[in-house]
1. Between the stretch 114-129 and the stretch 39-67, what is the C-alpha centre distance in whole Å?
2. What distance in nm lies between label points placed 7 Å from Cα along the C-beta direction at L111 and R71?
3. If eta is 0.692 mPa s and T is 37 °C, what Stokes-Einstein diffusion coefficient results for the stretch 88-230, Kirkwood Rh from Cα pairs, in µm²/s?
4. For the stretch 194-270, state which trypsin sites (Lys or Arg not before Pro) are in a DSSP loop and have at most 11 other beta carbons lying within 10 Å of their beta carbon.
5. From the phi of every residue in the stretch 143-148, what ³J(HN,Hα) in whole Hz does the Karplus formula 6.51 cos²θ - 1.76 cosθ + 1.60 yield, where θ is phi - 60° and glycine or proline is x?
6. Provide, in order from the shortest bin, the percent of all Cα-Cα pairs of the stretch 90-151 in each 5 Å bin, continuing until the bin that contains the maximum pair distance.
7. Which value, to two decimals, describes the C-alpha radius of gyration of the stretch 163-266 once divided by 2.2 N^0.38 Å?
8. Which of the chymotrypsin sites (Phe, Trp or Tyr not before Pro) across the stretch 84-184 are loop residues per DSSP, with 16 or fewer other Cβ within 10 Å?
Amino acid sequence: MDQLKAMQIFRAVADCKSFTQAAEQLNLPKPTVTNAVQSIELQLGVRLLQRTTRKVSLTVEGTLYLERCQRLLGDLDDLNALFMVDGRKPGGVVRAEFPERLAQLVVIPALHEFFALYPDIQVKLGANDRFADLAGEGIDVAVRGGTLRDSSLIARRIGDMEQINAASKAYLDRYGRPRTPDDLAQHYAVNFFSTQSGRDMDWEYLDAAGVTRTVAMRSWVSVGSSGAYLQSCRAGLGLVQGPAIGMLPLLASGELEEVLPGWRPAPMPLQIVTTHHRHTSPRVRVFVDWVAELLTRRLVSK
């Protein structure tokens with residue numbers, strides 16, 4: 001079998017964590033998929049996948065091989081796209097990472113619009129709140145909020161997301177409604193910890209002069225994902241703050257209430273980031289353009 005084809009099969013098995021699902025996805029017989037992976041392992045002299053009756057997982061060597069496969073196959077897609085002279089649209093796989101709530105509320109519901117424009121592009125979408133290593137993990141594009149600290153990435157600034165403070169009605173009925181920042185000492189917050197440092201982030205607000213102030217809040221629980229953060233708030237475990245877009249449905253229903261509206265956090269900068277290796281790829285470029293237009297339309301204030 002052609003080695004590039006075998007690498008594509010290996011990538012599918014690694015993504016699906018299943019030989020059977022990879023075979024279905026690629027419309028190939030399962031023995032063909034199994035033989036392709038075995039041929040690579042035989043050629044390399046190492047085991048790339050751990051196989052059990054329940055799951056398939058990458059070995060250390062398999063993780064390294066997958067990273068190189070993703071880069072090489074991405075480069076092949078980009079090379080082919082350079083010589084499209086018949087008006088064909090870009091195709092191939094775009095690997096993207098989005099914050100969890102942003103993916104759920106904004107990006108995924110609108111993806112059908114992108115596929116209508118570019119039916120030959122497949123999106124591998126990660127939805128979580130970690131700061132992935134784009135180059136190391138073969139990720140083409142990510143959306144990040146806050147200050148960008150990695151100078152090796154190319155950033156496209158979208159704008160600023162409005163942030164608010166909120167709590168569940170049940171929590172506020174039990175513990176009272178804070179009227180000024182001085183009241184925060186009598187309250188609990190749901191803390192959010194950085195996936196990079198593990199440190200809980202302080203409560204922030206803008207004072208009358210527009211200066212950011214921080215408060216270390218008491219907390220029963222600290223979480224590392226926006227989904228768990230919001231669920232903890234709904235469960236009455238404390239005050240939260242974050243992008244308004246993620247809380248609008250719950251505010252409208254009355255389950256959550258905005259608190260301290262005069263002391264909101266500063267708006268959160270929003271940017272789309274790519275690596276120098278990927279930013280000129282046609283498939284990545286059209287996806288970035290589409291995401292930028294979507295987020296500008298739905299989220300940001302200029």
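A short reminder: the numbers here are calculations on the coordinates, not readings from a lab. Because the structure is predicted, anything quoted here is derived from the model rather than measured. Cβ: placed from backbone, ideal geometry, glycine included. Neighbour counts: every protein chain shown.
1. 26
2. Placing both labels 7 Å beyond Cα along the Cβ direction yields 2.7 nm.
3. Values: Rh = 18.2 Å.
The estimated diffusion coefficient comes to 181 µm²/s.
4. Values: sites: R199, R213, R218, R234; in loops: R199.
Here the trypsin sites (Lys or Arg not before Pro) that fit, given the DSSP loop and packing criteria, are R199.
5. Each residue's phi maps through the Karplus curve to give 10, 10, x, x, 6, 7 Hz.
6. Here the calculated profile for the stretch 90-151 is 4, 16, 26, 25, 17, 10, 3.
7. Working: Rg = 12.7 Å, N = 104, 2.2 N^0.38 = 12.8 Å.
Cα-based Rg divided by the globular estimate yields 0.99.
8. Details: sites: F114, F115, F131, Y171, Y175; in loops: F131.
Taking the stretch 84-184 and a limit of 16 other Cβ atoms within 10 Å, the loop chymotrypsin sites (Phe, Trp or Tyr not before Pro) found are F131.
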